[in-house]
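So the structure is just underneath, and the comments pick up after that.
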Amino acid sequence: MTAPAGVLDTGWSLSAGGGDPAVGPGARSRPEVPTGWGYAGGMILVVVALVLLLVVGLPLAGFALVSLVGLLLSGLVIGGLGRLLVPGRQPIGLPATVLVGIVGALVGTVVGHEVHLDGLVTVLLEVVAAAVLVVGVARTGLARRLGRSRTRALPRGQ
C-alpha cells in the first residue's frame with residue numbers, strides 16, 4: 001500500500017488488530033521495544049558503579065596521593081633541618097636525606113606523644129632524631145646504599 005499524495009510514507013504500519021489493512025505478508029511492523037529491566041537495569045547498574053567510583057574511589061586515591069606527597073615533603077624538610085644541625089659536610093644524598101627525615105619524624109612523633117609534649121617540642125624532637133640519624137648514616141657509609149651517586153671527587157689542584 002502506498003501513501004496518498006502529499007503524505008510522507010515512513011514505512012511503519014500498525015500491528016495486527018490495529019485496524020490497518022496494510023498488515024499482510026509484505027508489510028513492515030514496528031520493531032520491538034525492550035520491556036522490563038533488561039536495558040534500563042544494565043544502565044542503572046553502570047550509573048551506580050560510576051557514581052560509587054567517583055564518590056568513593058577517587059577521594060581514596062587522592063587521599064593516598066596527598067598523603068604520599070606530604071610524607072615525602074615532611075621527610076625532606078625534617079631531614080634537611082637535621083642535616084643543618086650537624087656541623088660539616090655530610091656525604092649523603094637527597095634520597096638518604098628524605099629517608100632519614102621520615103624515620104626521624106616517626107621517632108620524634110612517637111617519643112613526643114608518649115611523653116605528652118606539645119607540637120613545637122615534638123617537631124624539635126623530630127629534627128634532633130633526624131640529626132642523630134644523619135650522623136649515623138654518614139659515618140657508617142650507608143648513604144651509598146640509600147642513593148648517593150658514586151662519582152669521584154677531583155684531586156686537589158686540578
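Worth pointing out:
- Candidate set: segment 55-93, residues that are in contact (Cβ under 8 Å) with a residue 24 or more places away in the chain and among the polar types (S, T, N, Q); chosen: the one nearest to VAL107 (Cα to Cα): SER74
- Answer residue from segment 72-85, given it is surrounded by 15 or more Cβ atoms within 10 Å (Cβ to Cβ) and of a type in the set (A, V, I, L, M) and is farthest from VAL127 (Cα to Cα) among those: LEU76
- Positions within segment 51-104 being in a helix (DSSP H, G or I), within 15 Å of ALA130 (Cβ to Cβ) and polar (S, T, N, Q), in sequence order: SER74, THR97
- Residue among VAL134, VAL121 that is among the β-branched types (Val, Ile, Thr), touching a residue at least 40 places away in the same chain (Cβ under 8 Å) and either assigned to a helix (DSSP H, G or I) or surrounded by fewer than 17 Cβ atoms within 10 Å (Cβ to Cβ) (or both): VAL134
Only the coordinates and a few stated rules stand behind these numbers; no lab work does. Predicted model, so just to flag it, every value in this text is computed and none were measured. Neighbour counts run over all protein chains shown; Cβ positions are idealised from the backbone, glycine included.
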